[in-house]
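Here the structure is laid out as structure tokens; the discussion comes afterwards.
The values are calculated or read from the model by the stated rules, or taken from the named source; none is laboratory data. Everything numeric here is computed off the predicted structure, so don't read it as measured data. Heads up, the Cβs are rebuilt from the backbone with ideal geometry, glycines too, and the neighbour counts pull from every protein chain shown.
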2 protein chains.
Amino acid sequence: MNGDKDYFDSYDDLEVHRLMLCDSPRTESYRDAILKNQDFFAGKVVMDVGAGSGILSLFCKQAGAKKVYAVEASPLAKILKDVIRVNQAEDVIEVLHQKVEDVELSEKVDIIVSEWMGFYLLHESMLDSVLTARDMHLKEDGLMLPSHAQIYAAPCSLTQLKKSSVDYWSDVYGFNMSPFAKEAMKRTKPEITIIAADQIISEPIQVLDLDLKYTDHSELDFIHSKTFISVNKTDKFQGLALWFKTDFFNYTEDKWTNISLNTSPQFPPTHWKQTIVPLFHENEENDSVEEDDIIGWELKLFRKEDSRQYSIQVEVLDPAEAEHPVPCGCQSAKCTLISALLQKEDEEFQ
Amino acid sequence: MNGDKDYFDSYDDLEVHRLMLCDSPRTESYRDAILKNQDFFAGKVVMDVGAGSGILSLFCKQAGAKKVYAVEASPLAKILKDVIRVNQAEDVIEVLHQKVEDVELSEKVDIIVSEWMGFYLLHESMLDSVLTARDMHLKEDGLMLPSHAQIYAAPCSLTQLKKSSVDYWSDVYGFNMSPFAKEAMKRTKPEITIIAADQIISEPIQVLDLDLKYTDHSELDFIHSKTFISVNKTDKFQGLALWFKTDFFNYTEDKWTNISLNTSPQFPPTHWKQTIVPLFHENEENDSVEEDDIIGWELKLFRKEDSRQYSIQVEVLDPAEAEHPVPCGCQSAKCTLISALLQKEDEEFQ
């Protein structure tokens, strides 16, 4: 089956746009951010970075923008031009079939809008291009949409997934193929999949928080977080779930309606799903955790050289070895104990 | 979204085996070919080329084989060895973690069994390796399972697919994105998808017929067929559907139960689905055909150099220009006319 994808998938570039448009939390968060803030868009100059199907540019025109530069580097720009034409939007929307890095404008823009997010926010994302567009073309008091982006991580149980694997492989046409289930348990490659909210076993931790007006490219090279947290239900600690949230905020505008797009398992699913990093426990028993247990992990996302891809590394930490465990403030016995220990440490340090 | 697959799919190698095992027409045709012919397998020496999960080797042992060489070149061989061990099958099944081209045996085998088929039979298939195994290891009166393989082609309508595309793109959040539908219609890249039996608009045509005991590698380099056929329903001629059938026959054995695996749209779907080559008509009207109309096409599958991939080319032929249209014998007015014309041509030629 390998290699088939190369041959067949290029066929699907149009279908990918359909998939993205049909992702209603995605499309409607942009629509609402634009159309619920029409007063702000009226008469403004906008740049749409990676305009694709043109939907965001069309929303901006609908909101009253004076001019929209729809930048699209791929051959799709040709179809995009037709879309703009059949919607009689050529007076406002100008399609620029260029890489955004090559775009030259005689004016600065008021707003940059872009749907640049990848899996777990950064995978194969075009955020670098959006930041370059900002530095080249956005007015000093201009607005980035989305304006903020965060990555969240939370420990999760993968019990259902594992049970279904064990059950299946234990009897295949009468044969015991359990070595396949055993091997599957050892895999720790990230998987893009939707998990249920009740698979999350602690409060989520924010591991990255970007204010896109001021984000520097270098902030995207290495994301690192070391966490100790108390578990909020008796379950299994079998993986780390990653997802993102982006905000469409405008703190300088009084009448602005804030909109967010949240890809957490507690929100309706999107085509980004969640990114799960399964953890391997040599001993099956070791993944059991009880409510109020403290667990710890270290998460590293680093960008591969000359690539828009990241490596994701998760290491489980022994809470007993935590130098500075962070109590979650849940008032449990353990959490209170850690707070007390921390306070004592601080006092000794001073 | 591009490029994601490289990073995430390698995770799925175990899942691919589950997918294939769960494809019951596939797995059960092999099971039936082996277990319904136990008398023949009893005491025989078998080679399983590309043993994978080991299911075929285990069926062979179950059928009474004396010895099974399970050849698996990938790292999966390690898990396969465990599967053989936990099924207490080590006395019969020997896992060879080698490319079949490198296998050296002190004996010849009675039967080669292999599930080597790819999309439309040949895409990324490992048939070459199976033929090499045959030449190196099969007894002169040995049996290949499957024993025969055919590729079929049939003209088909894609009305539903096209209608759903046109309908969707005509109104996307109030905007007219029909240029996307128009562009989708122009695409002629093969697509792996399941079509309904009633989308097929003529009798299927056999475009390749392999007797695997005698097939030469060179027969796989270029497959060519030129067809004129009468349409059996008033519909649209919008694509060519390809699929395959493999047979588990043994003409030298009286008590043999013949089994076939048919991936035609008239049979239950398999993970091979069908391969559809959409045809592009400059004028939408031109794809309409009426019952008894004669249509023609030329199909070429040629192997890319140093590759297990094929290019598929389909050219629609003008039936009026047919030098030797082949009447289908359906007794229709047109078919009778062509038969008459052909006969006349033949007489003139003599």
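What number of residues in the stretch B:216-253 are within 23 Å of B:Q309 (Cα to Cα) and buried (at least 19 other Cβ atoms within 10 Å of the Cβ)?
As a first pass, look at the stretch B:216-253 and keep what is within 23 Å of B:Q309 (Cα to Cα): B:216-226, B:239-246.
Applying the additional criterion that residues be buried (at least 19 other Cβ atoms within 10 Å of the Cβ) yields B:220, B:223, B:239-246.
Here the count works out to 10.
Evaluate the stretch A:210-221: report whether one residue or more is of a type in the set (F, W, Y) and free of Cβ contacts under 8 Å to residues at least 12 places away in the same chain. The answer is yes, given that some residue of the stretch A:210-221 is of a type in the set (F, W, Y) and free of Cβ contacts under 8 Å to residues at least 12 places away in the same chain.
So, of the residues in the stretch B:184-221 that are among the small types (G, A, S) and in a helix (DSSP H, G or I), which turns out to be farthest from B:F249 (Cα to Cα)?
Kept after step one, since they are among the small types (G, A, S), are these residues of the stretch B:184-221: B:184, B:196-197, B:202, B:218.
With in a helix (DSSP H, G or I) added as a condition, the list becomes B:184, B:197, B:218.
Values: B:A184: 42, B:A197: 26, B:S218: 23 Å.
Top of the filtered list is B:A184.
Residue check: is B:A73 closer than 17 Å to B:H17 by Cα, under 24 Å from the mean Cα position of the chain (by Cα) and surrounded by fewer than 24 Cβ atoms within 10 Å (Cβ to Cβ)? First the steps, then the outcome.
Values: closer than 17 Å to B:H17 by Cα: yes; under 24 Å from the mean Cα position of the chain (by Cα): yes; surrounded by fewer than 24 Cβ atoms within 10 Å (Cβ to Cβ): yes.
Yes.
For the stretch A:291-317, what are the residues that are part of a loop (DSSP other than H, G, I, E, B), surrounded by 13 or more Cβ atoms within 10 Å (Cβ to Cβ) and either small (G, A, S) or more than 14 Å from every other protein chain (Cβ to nearest Cβ) (or both)? Before the answer, list the steps.
Looking only at the stretch A:291-317, we keep the residues that are part of a loop (DSSP other than H, G, I, E, B), and these are A:291-293, A:304-309.
Subset that is surrounded by 13 or more Cβ atoms within 10 Å (Cβ to Cβ): A:291-293, A:308-309.
A:E291, A:D292, A:D293, listed by residue number.
Conditions (1) within 17 Å of the chain's Cα centre (by Cα); (2) crowded, with 21+ Cβ neighbours inside 10 Å, marked per residue:
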{"site": "B:S157", "(1), (2)": "no, yes"}
{"site": "B:Y173", "(1), (2)": "no, no"}
{"site": "B:N176", "(1), (2)": "no, no"}
{"site": "B:T188", "(1), (2)": "no, no"}
{"site": "B:I192", "(1), (2)": "yes, no"}
{"site": "B:D209", "(1), (2)": "yes, no"}
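Somewhere in the stretch B:79-99, is a residue within 25 Å of the chain's Cα centre (by Cα) and either within 30 Å of B:I312 (Cα to Cα) or outside the structural domain of B:N258 (by TED's automatic domain parsing) (or both)? Taking every residue of the stretch B:79-99 in turn, at least one turns out to be within 25 Å of the chain's Cα centre (by Cα) and either within 30 Å of B:I312 (Cα to Cα) or outside the structural domain of B:N258 (by TED's automatic domain parsing) (or both).
Can you pull out the residues in the stretch B:256-270 that are in contact with a helix residue (DSSP H, G or I) (Cβ under 6 Å, 6 or more places away or on another chain) and part of a loop (DSSP other than H, G, I, E, B)? Of everything in the stretch B:256-270, those that are in contact with a helix residue (DSSP H, G or I) (Cβ under 6 Å, 6 or more places away or on another chain) and part of a loop (DSSP other than H, G, I, E, B) turn out to be B:P265, B:Q266, B:P268, B:T270.
Hey, among A:K44, A:K36, which residue is touching a residue at least 40 places away in the same chain (Cβ under 8 Å) and over 28 Å from the mean Cα position of the chain (by Cα)? It would help to see each step written out before you state the result.
Values: A:K36 fails: over 28 Å from the mean Cα position of the chain (by Cα).
One residue alone meets the criteria, A:K44.
Considering only the stretch A:193-205, I want to know if a residue exists there that is within 10 Å of chain B (Cβ to nearest Cβ) and of a type in the set (A, V, I, L, M). Checked the stretch A:193-205: no residue is within 10 Å of chain B (Cβ to nearest Cβ) and of a type in the set (A, V, I, L, M).
State the number of residues belonging to the stretch A:222-243 that are touching a residue at least 60 places away in the same chain (Cβ under 8 Å) and not in a strand (DSSP E or B). Break it down into steps so the answer makes sense when it comes.
Step one: list which residues in the stretch A:222-243 are touching a residue at least 60 places away in the same chain (Cβ under 8 Å), which gives A:222-232, A:235-243.
Subset that is not in a strand (DSSP E or B): A:231-232, A:237-238.
Of the residues in the stretch A:222-243, 4 are touching a residue at least 60 places away in the same chain (Cβ under 8 Å) and not in a strand (DSSP E or B).
Cβ separations smaller than 9 Å between residues 6+ apart or across chains give the following pairs from the stretch A:157-176 residues that are on the phi > 0 side of the Ramachandran plot to residues that are among the charged types (D, E, K, R): A:Y173/B:E28; A:Y173/B:R31. Please enumerate the residues belonging to the stretch A:159-171 that are surrounded by fewer than 17 Cβ atoms within 10 Å (Cβ to Cβ) and of a type in the set (K, R). Hit for the stretch A:159-171 is A:K163, nothing else. Does B:E298 count as of a type outside the set (A, V, I, L, M, F, W, C), in contact with a Ser or Thr (Cβ under 6 Å, 6 or more places away or on another chain) and touching a residue at least 40 places away in the same chain (Cβ under 8 Å)? No; evaluated as a whole, the condition is false for this residue. A count restricted to the stretch B:149-183 and to residues that are more than 10 Å from chain A (Cβ to nearest Cβ) and not in a helix (DSSP H, G or I) stands at 11.
Of everything in the stretch B:265-303, what is among the charged types (D, E, K, R) and farther than 30 Å from B:R18 by Cα? Give them in sequence order. Within the stretch B:265-303, B:E282, B:E284, B:E285, B:D287, B:E290, B:E291, B:D292, B:D293, B:E298, B:K300 meet the criteria.
Would you point out which residue out of B:L240, B:L212, B:L279 is away from chain A (no Cβ under 14 Å) and touching an Asp or Glu at 6+ places or on another chain (Cβ under 8 Å)?
The conditions single out B:L279.
Among the criteria (1) more than 30 Å from B:I112 (Cα to Cα); (2) crowded, with 19+ Cβ neighbours inside 10 Å; (3) among the hydroxyl-bearing types (S, T, Y), the one B:Y152 does not fulfil is (1).
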